[in-house]
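Have a look at the structure below, then the notes.
The values are calculated or read from the model by the stated rules, or taken from the named source; none is laboratory data. As the structure is a prediction and not an experimental result, all values here were calculated from the model. When we count neighbours, we look across all protein chains shown, and the Cβ atoms used for this are built from the backbone with ideal geometry, even at glycine. Please note that ligands, DNA and RNA were not included when accessible areas were found on the heavy atoms of the full protein model with its side chains. Shrake-Rupley method; radii C 1.70, N 1.55, O 1.52, S 1.80 Å.
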Amino acid sequence: GLQSGCYYFMAHTSEGLDEFTTSMVTKYTPLSPEELMDGAFDLQWFFEAYEKLGETNFKMLYDAAKYSSSGTAHARARKYADAALGNVEKETLKTEIRGKRNKDLLMSLGLVPLDKGKNKKEEDMLDRYQFIQKFKKESRQFGAQRRASEGRAVELALRNLSANAGFTDVTRLTLRMETKLVEAMGGYFDW
């Protein structure tokens with residue numbers, strides 16, 4: 001599991017990958033190097049590597065991740081790992097995202113484990129979906145370049161949320177959440 005874990009951290013940094021690393025990463029994930037660099041996350045690969053390594057070995061690899069990239073590019077992979085393992089609270093992430101407009105945290109919001117139970121899971125997904133859409137709406141106040149980068153972060157945040165929720169694509173998640181919103185507003189359409 002060490003090789004898989006190492007490539008997980010290299011693939012989920014915000015740096016580009018060389019040809020050899022790209023070819024190794026394609027063994028583990030169907031995501032393209034561009035998608036990974038933009039911020040897409042492969043939950044299945046992550047949990048596969050985590051289970052093979054175990055908690056103790058993963059922690060050692062997590063601590064050594066700073067050597068997998070230059071500067072602080074490894075921070076995204078750590079944020080994703082923390083979110084997927086449930087080591088961060090959803091509300092804490094939302095507060096930081098609101099304050100700093102951090103795109104990496106936005107993309108990791110969908111990876112935090114969903115609440116248990118059918119109704120609680122649906123409510124949790126709807127809450128995150130609305131938060132991500134609000135982030136997108138608020139980006140209109142910025143320039144075109146920032147709007148584009150935040151728009152891409154929103155796309156990937158929705159993609160990560162849909163993968164965590166078990167949907168095959170973002171369209172299914174969007175249809176489900178928009179249906180829930182219409183149902184919630186149903187009382188306003190009564191005569």
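Here are some notes:
- For the residues PHE47, PHE41, PHE58, PHE20, the requirement of being out of contact with any strand residue (DSSP E or B) (no Cβ under 9 Å at 6 or more places or on another chain) and closer than 22 Å to GLN133 by Cβ singles out PHE41.
- Region 117-176, residues that are surrounded by 14 or more Cβ atoms within 10 Å (Cβ to Cβ), farther than 18 Å from GLU35 by Cβ and polar (S, T, N, Q): GLN133, SER139, THR174
- Out of GLU155, GLU123, one residue alone is among the acidic types (Asp, Glu) and in contact (Cβ under 8 Å) with a residue 12 or more places away in the chain. It is GLU155.
- Residue tally, condition of a type in the set (A, V, I, L, M) and in contact with a His (Cβ under 8 Å, 6 or more places away or on another chain), over region 1-55: 1
- The lone criterion from (1) part of a loop (DSSP other than H, G, I, E, B); (2) surrounded by fewer than 16 Cβ atoms within 10 Å (Cβ to Cβ); (3) not charged (D, E, K, R) left unmet by GLY187 is number (1).
- Only one of the numbered conditions (1) open to solvent by 40 Å² or more (accessible area, probe 1.4 Å); (2) over 15 Å from the mean Cα position of the chain (by Cα); (3) of a type in the set (S, T, N, Q) is not met by SER4, and that is (1).
- Cross-chain or 6+ apart pairs with Cβ under 9 Å, region 72-93 first and over 14 Å from GLY39 (Cβ atoms) and open to solvent by 40 Å² or more (accessible area, probe 1.4 Å), then part of a helix (DSSP H, G or I) and among the aliphatic types (A, V, I, L, M): ASN87/ALA81; VAL88/LEU105
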